[in-house]
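Here the structure is laid out as structure tokens; the discussion comes afterwards.
The values are calculated or read from the model by the stated rules, or taken from the named source; none is laboratory data. Note that this is a predicted model, so its numbers are computed, not measured. Neighbour counts are summed over all protein chains in view; Cβ atoms, including those assigned to glycine, are modelled from backbone coordinates with ideal geometry. Ligands, DNA and RNA are excluded from the accessible area calculation, which covers all protein heavy atoms including side chains. Shrake-Rupley method; radii C 1.70, N 1.55, O 1.52, S 1.80 Å.
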Amino acid sequence: MTSVQNRLRLLNGNNLLVFFIIIAGISSCASKKITTTKNVEVVAIQTKENNKEPNFSNTSKAYEDSVSKKPVIFDLDNNSNQTNTTNTNTNTSVKNTKPLNNNENRVYNVAVILPFNLSQIPLGQYADDTTKQLGVDSKNAMEFYLGCQMAREKFESEHLKTNVYFLDDKNDSLTMVSLFKQKPFPNVDYIIGPLYFKNLKTAADLAKNNQIPLVSPLANSMYIRDNPYYFNAVGSVKAQYSFILEQTKTKYSSKTLEVVYDGQDSTAESIEILKSVADKYYGYAGIKYTSLQAWSDASKSMAWSDTLSERIILIYSSKDSYIKSVIAKLKPIKNHLQIFTSSAAKDIKALVDAKNPHSVYTVFPFNSSNPNYSFFAAKYEDKHKKKASETSCQAYDLMMHLFYLLDKNQALQDNVYNYSADFDNTQTKFQFKPVLNKNGELDYYDNTFLYLYKYLNGTFVIATP
């Protein structure tokens with residue numbers, strides 16, 4: 001499994017007050033229910049002193065958003081008010097991954113599963129103490145939570161009613177399994193999460209068994225099999241190379257694509273994965289495959305007697321060390337090379353030196369150079385006193401996309417309202433396409449939306465069309 005590297009600026013000790021204010025909005029059972037309409041926003045918090053399920057039937061009354069309250073110490077009891085349920089499917093109206101009920105009174109339930117790790121807070125209490133250091137998991141969970149909150153505040157609808165439950169999986173597989181036996185399951189229409197690979201297969205299997213669409217927001221897998229309920233919000237390796245192959249075939253249709261890979265590395269993705277994708281674009285005759293180890297003399301192995309022709313190179317690897325090594329070893333080649341790589345190259349420091357004559361490209365799902373990002377980042381920093389991260393932006397974009405589709409009674413894979421659904425997005429868009437196996441059967445859905453970047457002056461910038 002492969003993921004896009006996370007270059008996030010995480011919370012530090014000085015931002016624990018922000019964490020505390022937000023954590024007050026998470027219930028004692030590690031969940032928070034949000035009802036969003038145009039005119040009413042209801043946020044309920046639960047503690048030992050107030051652990052009864054709130055009554056949301058009176059929607060004419062708006063309750064104070066707990067996020068804006070003055071910080072107080074909450075006794076976080078993670079075991080209270082957890083109503084066990086069976087795995088019997090009762091919410092059958094949406095179990096085919098598409099909401100079919102056109103009733104305006106329909107209330108959608110979304111479960112967002114994040115590694116808050118509430119049980120690790122000392123003595124079950126959280127106070128404004130900047131000497132305590134939060135773990136990376138908790139920091140990223142809070143970044144995602146804040147992004148979801150920003151989407152809740154932004155989205156408006158005349159009719160949509162959506163409950164969003166935030167659940168703590170503690171980045172633990174056993175906890176993940178137990179969540180699916182507790183409220184709000186099984187009455188859940190969509191699942192967002194988990195953040196990491198550790199619970200991804202477990203969560204995907206549970207979602208399939210319960211027939212609930214699950215969107216993995218950051219971690220992505222191309223090894224999911226026979227699961228029409230699984231969606232990668234960040235394109236998998238297959239999606240990345242499909243995007244590259246489409247680019248090279250369109251721009252350099254008369255050229256042979258030369259693929260460089262390490263056939264001796266047993267930990268690398270099999271070259272057969274690329275071949276299965278490449279056949280769609282090039283067939284069997286349009287690609288030349290060369291197996292090179294990182295220490296091999298690539299310039300000698302790939303030298304041509306014709307030194308004037310432009311050549312197209314694809315480095316097939318998700319390992320930054322291999323990509324950097326091969327690019328450096330290709331430098332002496334006299335031909336001008338157009339070199340394409342996976343997203344693993346995006347964060348490599350000093351990838352190409354100033355004297356390297358070749359062009360280097362990569363693909364990446366996020367772009368922070370658009371006006372929406374600037375507006376969101378400024379509002380986020382003003383509200384939360386820290387900079388927006390890729391995680392908070394991804395949460396905002398994904399929730400905005402989902403809210404819009406629910407409002408239009410559309411499924412994730414329909415892609416009918418993509419432009420409208422992603423109009424306010426900050427860094428990415430969502431175009432979910434089916435990934436089929438050799439027998440033409442559906443394995444999962446991949447987000448095929450990606451940006452092409454070009455390496456210029458020591459950094460990657462969006463490539464011009």
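Does residue 433 meet the test of being of a type outside the set (Asp, Glu) and open to solvent by 70 Å² or more (accessible area, probe 1.4 Å)? Considered against the rule, which asks whether it is of a type outside the set (Asp, Glu) and open to solvent by 70 Å² or more (accessible area, probe 1.4 Å), residue 433 comes out as yes. Can residue 464 be described as at negative phi, β-branched (Val, Ile, Thr) and in a helix (DSSP H, G or I)? In short, no.
How many of the residues in the stretch 436-465 are charged (D, E, K, R), in contact with a helix residue (DSSP H, G or I) (Cβ under 7 Å, 6 or more places away or on another chain) and open to solvent by 20 Å² or more (accessible area, probe 1.4 Å)? Counting residues in the stretch 436-465 that are charged (D, E, K, R), in contact with a helix residue (DSSP H, G or I) (Cβ under 7 Å, 6 or more places away or on another chain) and open to solvent by 20 Å² or more (accessible area, probe 1.4 Å) gives 0. Working only within the stretch 412-430, note down all residues that are closer than 28 Å to residue 314 by Cα and open to solvent by 60 Å² or more (accessible area, probe 1.4 Å). Within the stretch 412-430, 429 is the sole residue that qualifies.
The set of residues in the stretch 335-366 being under 25 Å from the mean Cα position of the chain (by Cα), open to solvent by 20 Å² or more (accessible area, probe 1.4 Å) and either farther than 26 Å from residue 273 by Cβ or modelled with pLDDT of 95 or more (or both) consists of 349, 361.
Residues in the stretch 284-332 that are in contact (Cβ under 8 Å) with a residue 60 or more places away in the chain and in a loop (DSSP other than H, G, I, E, B) were compared, and the one that is farthest from residue 267 (Cα to Cα) is 316. Looking at 288, 251, just one residue is open to solvent by 70 Å² or more (accessible area, probe 1.4 Å), more than 25 Å from residue 221 (Cβ to Cβ) and touching a strand residue (DSSP E or B) at 6+ places or on another chain (Cβ under 7 Å), and that residue is 288.
For the stretch 313-334, a tally of residues being surrounded by fewer than 19 Cβ atoms within 10 Å (Cβ to Cβ) and modelled with pLDDT of 95 or more returns 0.
Summed over the stretch 257-283, residues that are out of contact with any helix residue (DSSP H, G or I) (no Cβ under 9 Å at 6 or more places or on another chain) and either under 27 Å from residue 437 (Cβ atoms) or part of a loop (DSSP other than H, G, I, E, B) (or both) total 9. Scanning the stretch 394-411 for residues that are open to solvent by less than 10 Å² (accessible area, probe 1.4 Å) and farther than 15 Å from residue 153 by Cβ returns 394, 398, 401, 402, 405, 406, 411. Screening residue 426 on (1) of a type in the set (Ser, Thr, Tyr); (2) touching a strand residue (DSSP E or B) at 6+ places or on another chain (Cβ under 9 Å); (3) part of a loop (DSSP other than H, G, I, E, B) shows it passes everything except condition (2). If you go through the stretch 169-216 and pick out every residue that is of a type in the set (Val, Ile, Thr) and within 19 Å of residue 140 (Cα to Cα), you end up with 4.
Scan the stretch 364-387 and give yes if some residue there is in a strand (DSSP E or B) and under 25 Å from residue 245 (Cα atoms), otherwise no.
Within the stretch 364-387, the first condition is being in a strand (DSSP E or B), and the residues that meet it are 364.
Going one step further and asking which of them are under 25 Å from residue 245 (Cα atoms), we end up with 364.
Yes, some residue in the stretch 364-387 is in a strand (DSSP E or B) and under 25 Å from residue 245 (Cα atoms).
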